[in-house]
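The values are calculated or read from the model by the stated rules, or taken from the named source; none is laboratory data. Remember, it's a predicted structure, so these values are computed and weren't measured experimentally. Because the Cβ atoms are built from the backbone with ideal geometry, glycine has one as well, and the counts that use them run over all protein chains shown. Heavy atoms of the whole protein, side chains included, go into the accessibility calculation; ligands, DNA and RNA do not. Shrake-Rupley method; radii C 1.70, N 1.55, O 1.52, S 1.80 Å.
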Amino acid sequence: MAQPFVKKDDDHDDEMEYSPFMGIEKGAVLQEARVFNDAQVDPRRCSQVITKLLYLLNQGESFTKVEATEVFFSVTKLFQSKDTGLRRMVYLIIKELSPSSDEVIIVTSSLMKDMNSKIDMYRANAIRVLCRIIDGTLLTQIERYLKQAIVDKNPVVSSAALVSGLHLLRTNPEIVKRWSNEVQEGVQSRSALVQFHALALLHQIRQNDRLAVSKLVGSLTRGSVRSPLAQCLLIRYTSQVIRDMSNHGQSGERPFYEFLESCLRHKAEMVILEAARAITELDGVTSRELTPAITVLQLFLSSPKPVLRFAAVRTLNKVSMTHPMAVTNCNIDMESLISDQNRSIATLAITTLLKTGNESSVERLMKQITNFMSDIADEFKIVVVDAIRSLCVKFPLKYRSLMTFLSNILREEGGFEYKRAIVDSIVTIIRDIPDAKEGGLLHLCEFIEDCEFTYLSTQILHFLGIEGPKTSDPSKYIRYIYNRVHLENATVRAAAVSTLAKFGFMVESLKPRITVLLKRCIYDSDDEVRDRATLFLSVLGGDGTLDADKDSKEFLFGSLEVPLANMETSLKNYDPSEEAFDINSVPKEVKSQPLAEKKAQGKKPTGLGAPPAAPASGFEGYERLLSSIPEFASFGKLFKSSSPVELTEAETEYAVNVVKHIFDNHVVFQYNCTNTIPEQLLERVNVIVDASEAEEFSEITSKALNSLPYDSPGQAFVAFEKPAGVPAVGKFSNTLTFVVKEVDPSTGEAEDDGVEDEYQLEDLEVVSADYILKVSVSNFRNAWESMNEEDEHVDEYGLGQRESLGEAIKAVIDLLGMQPCEGTETVPSNARSHTCLLSGVYIGNVKVLVRAQFGMDSSKEIAMKLAVRAEDVSVAEAIHEIVANG
Amino acid sequence: MELPPKVKNILLLDSEGKRIAAKYYSGDWPTNTAKEAFEKAVFSKTQKTNARTEVEVTALENNIIVYKFVQDLHFFVTGGEEENELVLASVLQGLFDAVNLLLRGNVDKREALDNLDLIFLCFDEIIDGGIVLETDANVIAEKAGINSIDPNAPLSEQTISQALATAREHLTRSLMK
């Protein structure tokens, strides 16, 4: 079978397959490499062999250590040849072989000789090779030559040294930093690329010195930069400086904006694009600042060059997420891009249009998209479907045409991810727009009649079970559901049985018929299906008393109160024993998802879409830790643990942060301490807490840390008692006390005698937010309406002058420590009013929902109307109190 | 964004997506298998497009890829998604034109394989460790084209003069447009 698969096609094909490397084999090439050792070097032959070696490496072949060393040693012999072409190949192969440091010695003298050669090409390449392979000690030896090379009159040599400097900065920053004078000279070079490389290196050298960077930018923006690449760099650095300045609270006229704007008129398109992008990405960019950038991007949209069109539409797409109005001027140009040959451009254009379009253009747009959908790949289609979903939420009145579109594409061919995106979108629309429900459910029913994805079928069946019985004519869905019992695999059959049962339970008139259907299912071939059918038959056959009804309802429709991810971790940790698994032990807190995009997923019903892969919270870890300490075991169930709060500055001798653990009657501070001094061992580490500014708290116990060696963190604890169920607040000042023992670094042994010492830590506060758990709700409106309206507490507050609405909202969220719902914590950047929805669980396990409406007037004064509903009126009052005191 | 523009890789594939030459500058694809998978994805995504007159562009796995085809050769340059497409395009154009100069206008797979050393040198002259070294095709071709001064060499001084002649021709053509 060693005979290769010879092509029996025509000669033409054979000729196409010709390759000088046909049948090349590593062993043979390594043999050939022995010519490098010949006394009389044949440059041509050697170049060919090197090319073959490079070819092998390039195709992913790897050499063993021995092979590589052997090749490397023989290659070094080729330095004796004076042939420039061969030398060029030698440089290349040395870089590819990346020799180890003990081998490098062999070539350094040859390369150093080349570095001082009269031939420019030798100098430039020797620098690049040498800098790639040497270490710090050798670098100091050649530093002098490198500095010379930077100011070499040949730009190629100078660039080689500068680029090498950029690479070396990562490994030997202290050496490269000594070159700034030479680099500075490079910035003034006539050669475009030398200027570019010098500017990049100079900035890298100074990047940690804000003032120096700002000076650099200030002097260069006055116009000494010629190369377009260098100009692009300068624009990047300028936006960085602008960002830093605004971070440091300097307001007023934005510095350097004029420079960015002037770059929009540069002759190189590369620079125009960079500047336009920089402007669109400015923090809090105003529409006046945005306009010139949008104008040049609009011109790019009709460029004959695909790259320019792509760059422009990609930038505008980003802008449309935050400033949709600014982009509307480009809509006409964008519409013509829907038919662009390049499908990436077309997709970006469509999704941008969907974001910026107004209500009247929806129908026209949908018509254009329909033609477009058939000839793009699934991954593009998903992007479009997602955009349509958000469009539908934005213009609920247009649901009809959007729903038709979605149901049409649902019927067409497509992979799982694509179909799932469509189904998710339909479900979202059904949830948000009541009028769309009946039609949407029927579309889904039709889809499961011919659906090859078990996952989607079961999800849809589940959803039907919840929504179907509430429609005007539930019976029309039964046929679709029961068909599943005949036609599908066991998983889908089981789901269908559950759905049938839900209909039977909710719709009294259907109960007898459903019972008949379920009875047929008890002869199913699959265990699970039979079990479910039997179970539901007995539930439906219940005596109809109020209690039994309530139980069955809870059983059929009750939602799992804990996040699935937490449930999963708890189950994994569960050790099968006498004790049964207790669902109450599963933590309810969801890890907050910081990105707005991820929030959108939270909006999806829990039944559909994969459960969010929330990272396992540290909560269980804390809980286990605390319950293992006897002193705290009697405190009961842990309610909440805060995230660590730093009590020391970064890079101090001792790093300490604290985690606040809240129990019903107690608060435990967990001090995580790290000793950063290798020569010290700390013993009897304790934290002395002064609670004089926290009247409601009294210290009951503390647990010292016996020994804290270098770099292995340990914990000390202090526990306080507080009134039960009350959100007591207060300020605590902390002092770290310990015994220091010197450690002999050579033996690692500590001296016997120690000195007592103490270290002042920063203050710590217990705030109201510590008493509220971030717990999200899947559907805020439902949850809100299910709470008693009578118990609603509304009040208005003035929040004073703020930079922006977003800042005010963040302050309120931080103050309350609640979970923002449905992505309402993000504010469109120029909005003047906004509503934010929050949910949480207050100490004592009381559910709280907050609807906060914010408004901003022209003087940036912010007013807030806060409506709170809670399961307990006193808690709603407590929330208002928190806000009033905050 | 504070760093200079970075190129993640340069690829030269044949009309079946097989690697002729490739150079990776980022650690995003640590193994050869990962590299091949990426090349396959890039190739199949761009295969049906017409990138023979203008440089084309697409996005894949948070990367921006610019590409251009000639005969049975497919050239690609990849950068991060925050990268300036036009910088990547200028790198690609520089590579493309330099190869054209070095192969004296006969740019196809066979010529490329026959002169693979020149292709490797070309890559080496355009990008150094991900940083753009040079984008001017004439300069690149001149630097990569320095070949043997040995009379026995296959491409002697003639190469340089020919490369320059082609360069001149190229220039005239672009001026006449």
Would you check which residues across segment B:1-14 are more than 9 Å from every other protein chain (Cβ to nearest Cβ) and open to solvent by 10 Å² or more (accessible area, probe 1.4 Å) and list them? B:6, B:8
Residues that are under 16 Å from residue B:132 (Cβ atoms): list the helices (runs of 4 or more DSSP H) wholly contained in segment A:153-237 that include at least 1 such residues. A:155-171, A:180-187, A:192-206
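Only one residue in A:289, A:258 is of a type in the set (Asp, Glu), part of a helix (DSSP H, G or I) and open to solvent by less than 60 Å² (accessible area, probe 1.4 Å). Which one? Show your work before the answer.
Details: A:258 fails: open to solvent by less than 60 Å² (accessible area, probe 1.4 Å).
Exactly one residue qualifies, and that residue is A:289.
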Would you confirm whether any residue within segment B:129-137 is assigned to a helix (DSSP H, G or I), over 22 Å from residue A:57 (Cβ atoms), open to solvent by 10 Å² or more (accessible area, probe 1.4 Å) and more than 7 Å from chain A (Cβ to nearest Cβ)? yes
Do any residues in segment A:35-56 that are away from chain B (no Cβ under 12 Å) have Cβ atoms under 7 Å from those of residues that are open to solvent by 20 Å² or more (accessible area, probe 1.4 Å) and not in a helix (DSSP H, G or I), where the two are at least six apart or on different chains, and which pairs are they? A:35/A:42
Working carefully through the options A:382, A:388, find the one that is among the hydrophobic types (A, V, I, L, M, F, W, C), crowded, with 18+ Cβ neighbours inside 10 Å, under 19 Å from residue A:323 (Cα atoms) and without any contact (Cβ under 8 Å) to a residue 40 or more places away in the chain. A:388
Got a number for residues in segment A:268-286 being charged (D, E, K, R), under 28 Å from the mean Cα position of the chain (by Cα) and not in a loop (DSSP other than H, G, I, E, B)? 2
Please determine whether any residue of segment A:695-703 is touching a residue at least 60 places away in the same chain (Cβ under 8 Å) and in contact with a helix residue (DSSP H, G or I) (Cβ under 7 Å, 6 or more places away or on another chain). yes
Filter segment A:732-743 down to the residues that are in contact (Cβ under 8 Å) with a residue 60 or more places away in the chain and not polar (S, T, N, Q), then identify the one that is farthest from residue A:708 (Cα to Cα). A:732
Out of everything in segment A:322-360 that is open to solvent by 40 Å² or more (accessible area, probe 1.4 Å) and aliphatic (A, V, I, L, M), what residue ends up being farthest from residue A:386 (Cα to Cα)? A:332
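Which members of segment B:33-61 meet the condition of being touching a strand residue (DSSP E or B) at 6+ places or on another chain (Cβ under 7 Å) and not in a strand (DSSP E or B)?
Step one: filter segment B:33-61 for residues touching a strand residue (DSSP E or B) at 6+ places or on another chain (Cβ under 7 Å), giving B:35, B:39, B:41-43, B:45-46, B:49, B:51-52, B:55-58.
Across segment B:33-61, the qualifying residues are B:35, B:39, B:41, B:42, B:43, B:45, B:46, B:49, B:51, B:52, B:55.
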Select from segment B:113-128 the residues that are closer than 28 Å to residue B:84 by Cα, within 7 Å of chain A (Cβ to nearest Cβ) and in a helix (DSSP H, G or I) and list them in ascending order. B:120, B:121, B:124
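Tell me the residue from B:99, B:55 that is closer than 30 Å to residue A:162 by Cβ and facing another protein chain (nearest Cβ under 8 Å), please.
Within the list B:99, B:55, the selection yields B:55.
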Residue within segment A:304-313 that is in a helix (DSSP H, G or I) and away from every other protein chain (no Cβ under 14 Å) present: no
Count of residues meeting criterion [farther than 18 Å from residue A:185 by Cα and more than 9 Å from every other protein chain (Cβ to nearest Cβ)] in segment A:200-246: 13
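For residue B:87, indicate whether it is in a helix (DSSP H, G or I), more than 20 Å from residue B:20 (Cα to Cα) and among the β-branched types (Val, Ile, Thr).
The answer is yes for residue B:87.
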Pair list, Cβ under 9 Å, 6 or more apart: segment A:123-146 residue away from every other protein chain (no Cβ under 14 Å), other residue aromatic (Phe, Trp, Tyr): A:143/A:179; A:146/A:179
Can you name every one of the strands (runs of 3 or more DSSP E) wholly within segment A:778-886 that holds 1 or more residues which are open to solvent by less than 60 Å² (accessible area, probe 1.4 Å) and among the charged types (D, E, K, R)? A:861-870
Which number in (1) in contact (Cβ under 8 Å) with a residue 40 or more places away in the chain; (2) within 10 Å of chain B (Cβ to nearest Cβ); (3) surrounded by fewer than 18 Cβ atoms within 10 Å (Cβ to Cβ) marks the one condition that residue A:77 misses? (2)
Considering (1) within 21 Å of residue A:342 (Cα to Cα); (2) crowded, with 20+ Cβ neighbours inside 10 Å, say which one residue B:52 fails and leave the rest. (2)
Does segment A:41-55 contain any residue that is part of a loop (DSSP other than H, G, I, E, B) and open to solvent by 10 Å² or more (accessible area, probe 1.4 Å)? yes
Looking at segment B:16-42, which of its residues are open to solvent by 60 Å² or more (accessible area, probe 1.4 Å) and within 11 Å of chain A (Cβ to nearest Cβ)? B:16, B:18, B:23, B:31, B:33, B:36
Kindly indicate whether residue A:127 is β-branched (Val, Ile, Thr) and open to solvent by 20 Å² or more (accessible area, probe 1.4 Å). no
Those residues of segment A:143-155 that are open to solvent by less than 50 Å² (accessible area, probe 1.4 Å) and within 43 Å of the chain's Cα centre (by Cα) come to a total of 4
Qualifying positions in segment A:463-480 - open to solvent by less than 40 Å² (accessible area, probe 1.4 Å) and of a type in the set (Gly, Ala, Ser): A:465, A:468
Which residue pairs have Cβ atoms under 7 Å apart, sit 6 or more places apart or on different chains, and have a first residue in segment A:269-293 that is in contact (Cβ under 8 Å) with a residue 12 or more places away in the chain and charged (D, E, K, R) and a second that is open to solvent by less than 20 Å² (accessible area, probe 1.4 Å) and not in a helix (DSSP H, G or I)? A:274/B:84; A:289/A:282
Filtering segment A:367-378 down to residues that are open to solvent by 70 Å² or more (accessible area, probe 1.4 Å) and at pLDDT below 75, which residue is nearest to residue B:59 (Cα to Cα)? A:375
